[in-house]
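K.L.:
Take a look at the following structure, please.
The values are calculated or read from the model by the stated rules, or taken from the named source; none is laboratory data. All values reported here derive from a predicted model rather than from experimental measurement. So basically every Cβ, Gly included, is an ideal-geometry build from the backbone, and we count neighbours across all protein chains shown. Note: accessible area is taken over every heavy atom of the protein model, side chains too, but ligands, DNA and RNA are not part of it. Shrake-Rupley method; radii C 1.70, N 1.55, O 1.52, S 1.80 Å.
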Amino acid sequence: MSTPSAAQPTKLEGIRYYTPPTGFVLSGRDGMVSMPWDNRPPIPLLDEDFPTVAGDAGPDYDMVGRGIYQTLRQNPECSFAADYAAVLKEAYPHIISELGGQIIMLDAKEVDTPYLDRKINFLKIMALLDPDNAGVHLEIARTFSDKGSRLSTLHQAVNSWYGAEKHLAKALVLAPSDHHAAYEYGEALYVLGRYEQAAAAWQDITAGLGISDQRKIEARIAAILAGKLPLVPPVDYLTAISVAVEAHHAGRNDDAAAIIEDVLGDPVFAEQFPMNEIYYPLGTCYQEMGMAHEAAEAFKRS
C-alpha cells in the first residue's frame, strides 16, 4: 500500500470522502479482517452512508466496501485507485467475486452499446487487481476497439481507438510474444493513421503466423509501403460518419448524405473498413431528399 501523497481525492457523483482518525482499524467478517488504516487514503463513502458514520468510530466494514466499489466502478482511474483496489483484494472477496461475475455475464452475450463503458470499467478494476495480467489489457483494448467501430458510438472514436492502442501496448509489454495482441496493436496504429508504426508492428510477427494470416499481413504491409492508403486517417472518417449521423438526426439530410458519400468515395477506406450499416442512414437521407432510386440502392446494401 502506497503512502498517500498530496494528491486530492477525485470528485465523483454520490461519493463523499472520510478521513478517519489516527489508529482507525477496518474490521469485519467476524474478525477475519483487521486492517489498520494509517497511511492510507481518505475513505470513499456513499452519500447516504456518510451521515451515519458515528464519530471517531468511523465507517463500518460494509460502508467502506460499498463506497470503494462504487468509486472504482465510476472511475477506475481515480486518485488512489490502486490503493482502493488493494483494499478490495485483501478484505472483500465477495466483491471480487461479484466483479468477476459481472464481467463473465457481459462477456457471454452481445453487449449493447450502453454496457460497453461498464464493461471497460469492470475490466480496468480487474487490471488494478492483477496488473501483470496481459489478457485483461487485451480485453480492455478489444472493448475499446468495438466501441470505436459502432455507428452509435463513433462520436467517441478518437478516444476509443487511443484507449485501444494504450492497452494493447501494455499487453505487449507484459506478453511480447502474443501475436494476436501484436496484430491488433498494428490495426489500432493503422486506424490512428500511424501507418509506418503499424507496418513495423506487423513485420515483427509475420514469421509466427499461419500461411493465410501471414499473406494477409504481408499484403497490408505492401500496401502501406506502396502508399495505398486512405486519404485521411481512418479514425477521421469514423468521426466524420458520426457528424453525418448527427446531421441526419437534425434533419440536415443533404449535409449528411454529402459527408457519407465523401467517406465512401475513398476506395481504400471503403474496402478495408466495410460498414454496411452506414447505408441505412444514407438511404433514409436519400428518401427524405426525394431521391427514390438512390435510396433503394442504399437500402439494398445496408
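K.L.:
Step through the residues of segment 156-165 one at a time and calculate ³J(HN,Hα) from phi using the Karplus curve (6.51 cos²θ - 1.76 cosθ + 1.60, θ = phi - 60°), rounding each to whole Hz and writing x for Gly and Pro.
P.N.:
Once rounded to whole Hz, the list reads 10, 4, 4, 4, 5, 6, 5, x, 4, 4.
K.L.:
Compare the Cα positions of A169, I104, I15 along the charge dipole of the chain (+1 at Cβ of Lys, Arg; -1 at Cβ of Asp, Glu; about the Cα centre) and return the one farthest towards the positive end.
P.N.:
Final value for the positive-end residue is A169.
K.L.:
Related question: Under a Cβ-only charge scheme (Lys and Arg +1, Asp and Glu -1), can you give me the dipole magnitude of the chain about the Cα centre, in debye to the nearest 20?
P.N.:
Numbers: 24 positive and 41 negative charges, 74 e Å.
I would put it at about 360 debye.
K.L.:
Further question on the same structure: Given bins 5 angstrom wide, list per bin the percent of all Cα-Cα distances in segment 118-267, short to long.
P.N.:
Whole-percent P(r) values from 0 Å outward: 2, 10, 16, 17, 18, 15, 11, 7, 4, 1, 0.
K.L.:
May I pose another question? Give me, ordered by chain and number, the residues 5 or more places off L26 or on other chains with an amide H under 5 Å from its own placed amide H.
P.N.:
Amide H neighbours of L26, under 5 Å, 5+ apart: M35, W37.
K.L.:
Using each residue's phi in segment 59-76, evaluate 6.51 cos²θ - 1.76 cosθ + 1.60 at θ = phi - 60° and report the 3J(HN,Hα) Karplus result to the nearest Hz, with x for Gly and Pro.
P.N.:
x, 7, 4, 5, 4, 5, x, 4, x, 5, 5, 5, 4, 5, 5, 6, 8, x
K.L.:
Under 8 Å for C-alpha pairs, at least 6 residues apart: give me the relative contact order for the chain, rounded to a whole percent.
P.N.:
Numbers: 388 pairs, mean separation 28.8, N = 302.
Reported relative contact order: 10 percent.
K.L.:
Something else: On a 1.4 Å probe surface of the protein chains, which of E77, E13 comes out largest in accessible area, and what is the full order? Can you show the working numbers first?
P.N.:
On the way: E77 105, E13 160 Å².
Solvent-accessible surface, decreasing: E13, E77.
K.L.:
On to the next question. Out of residues 5 or more away from S79 or on other chains, whose amide H comes under 5 Å of its own, with H placed 1.01 Å from N in the peptide plane?
P.N.:
Here T10 satisfy the definition.
K.L.:
Could you order E297, E187, E271 by accessible surface area, starting with the largest, using a probe radius of 1.4 Å? Don't jump to the answer; show the numbers that get you there.
P.N.:
Values: E297 80, E187 40, E271 130 Å².
Result, largest first: E271, E297, E187.
K.L.:
In addition: In a shell of Cβ-Cβ distance under 12 Å around A222, excluding A222 itself, what net charge do Lys and Arg (+1) and Asp and Glu (-1) give?
P.N.:
On the way: positive: R215, K216, R220, K228; negative: E218.
Once all neighbours under 12 Å are counted, the net charge is +3.
K.L.:
Same structure again: Of the peptides 250-256, 136-142, 198-204, how do they stack up when ordered by the mean number of other Cβ atoms within 10 Å, highest first?
P.N.:
Values: 250-256: 15.6, 136-142: 23.0, 198-204: 19.0.
The peptides rank, most packed first, as 136-142, 198-204, 250-256.
K.L.:
Another one. Return the calculated 222 nm mean residue ellipticity for the chain, to the nearest 500 deg cm²/dmol, obtained by summing -39500 (n - 2.57) across DSSP H runs with n ≥ 4 and dividing by the residue count. Each step should come with its number before you reach the end.
P.N.:
Details: 14 runs with 179 residues, N = 302.
Helix-only estimate at 222 nm: -18500 deg cm²/dmol.
K.L.:
Tell me the carbon and sulfur percent of the accessible area for the chain, rounded to whole percent, probe radius 1.4 Å.
P.N.:
Details: 7920 of 15320 Å².
Here carbon and sulfur together make up 52 percent of the probe-accessible area.
K.L.:
Could you provide, to the nearest whole Å², the per residue accessible area of segment 160-302 with probe 1.4 Å?
P.N.:
Working: 7360 Å² over 143 residues.
I get 51 Å² per residue for this part.
K.L.:
Per residue of segment 141-152, in order, report the coupling 6.51 cos²θ - 1.76 cosθ + 1.60 (Karplus, θ = phi - 60°) as ³J(HN,Hα) in whole Hz, putting x for Gly and Pro.
P.N.:
Result, rounded to whole Hz: 4, 5, 5, 4, 4, 4, 4, x, 10, 7, 4, 6.
K.L.:
Same structure again: Charges only on Cβ, +1 for Lys and Arg, -1 for Asp and Glu: so what's the dipole of segment 149-302 about the Cα centre, in debye to the nearest 20?
P.N.:
Working: 11 positive and 20 negative charges, 81 e Å.
The calculated dipole for segment 149-302 is roughly 380 debye.
K.L.:
Does the chain come out rounded, prolate or oblate, given a ≥ b ≥ c as the square roots of the eigenvalues of its C-alpha gyration tensor, rounded meaning a/c under 1.5 and, failing that, prolate meaning a/b above b/c? Don't skip to the answer; put the middle values down first.
P.N.:
On the way: a/c = 3.04, a/b = 1.80, b/c = 1.69.
Judged from the Cα gyration tensor, the chain comes out prolate (a/c at least 1.5, a/b above b/c).
K.L.:
Any idea what % of Cα-Cα pairs in segment 1-133 are farther than 23 Å? Could the numbers behind the result be given before it?
P.N.:
On the way: 2846 of 8778 pairs.
The proportion of pairs with Cα distances above 23 Å equals 32 percent.
K.L.:
List the aspartates and glutamates whose Cα sits under 18 Å from the Cα of K11, skipping any in the same chain fewer than 8 residues away.
P.N.:
Straight-distance partners of K11: D47, E48, D49, E77, D83.
K.L.:
Starting from the amide H of I43, placed 1.01 Å from N in the peptide plane, find each other amide H under 5 Å away whose residue is 5 or more places distant or on another chain.
P.N.:
Residues meeting the criterion, in which the H sits 1.01 Å from N, are Y18, T19.
K.L.:
When the dipole is taken about the Cα centre of segment 1-92, and only Lys, Arg (+1) and Asp, Glu (-1) are charged at their Cβ, what size is it in debye, to the nearest 20? Mind showing how you got there, number by number?
P.N.:
Numbers: 7 positive and 12 negative charges, 43 e Å.
Charge dipole of segment 1-92: 200 debye, to the nearest 20.
K.L.:
Which value results when the Cα radius of gyration for segment 13-59 is divided by 2.2 N^0.38 Å?
P.N.:
Working: Rg = 11.1 Å, N = 47, 2.2 N^0.38 = 9.5 Å.
Its radius of gyration relative to the 2.2 N^0.38 Å reference: 1.17.
K.L.:
At a Förster distance of 45 Å, what's the computed FRET efficiency of R73 paired with H293, Cβ-Cβ distance as r, to 0.05? List each step's numbers first, then the result.
P.N.:
Numbers: r = 50 Å, r/R0 = 1.12.
Calculated value: 0.35.
K.L.:
Taking Cα pairs under 8 Å and at least six residues apart, what relative contact order does segment 61-206 come out at, in percent? Please report the intermediate quantities before stating the final value.
P.N.:
Numbers: 154 pairs, mean separation 23.1, N = 146.
Relative CO of segment 61-206 lands at 16 percent.
K.L.:
What Rg and what Dmax come out for segment 188-297 when only alpha-carbon atoms are used, in angstroms?
P.N.:
Here Rg and the maximum Cα pair distance are 17.2, 54 Å.
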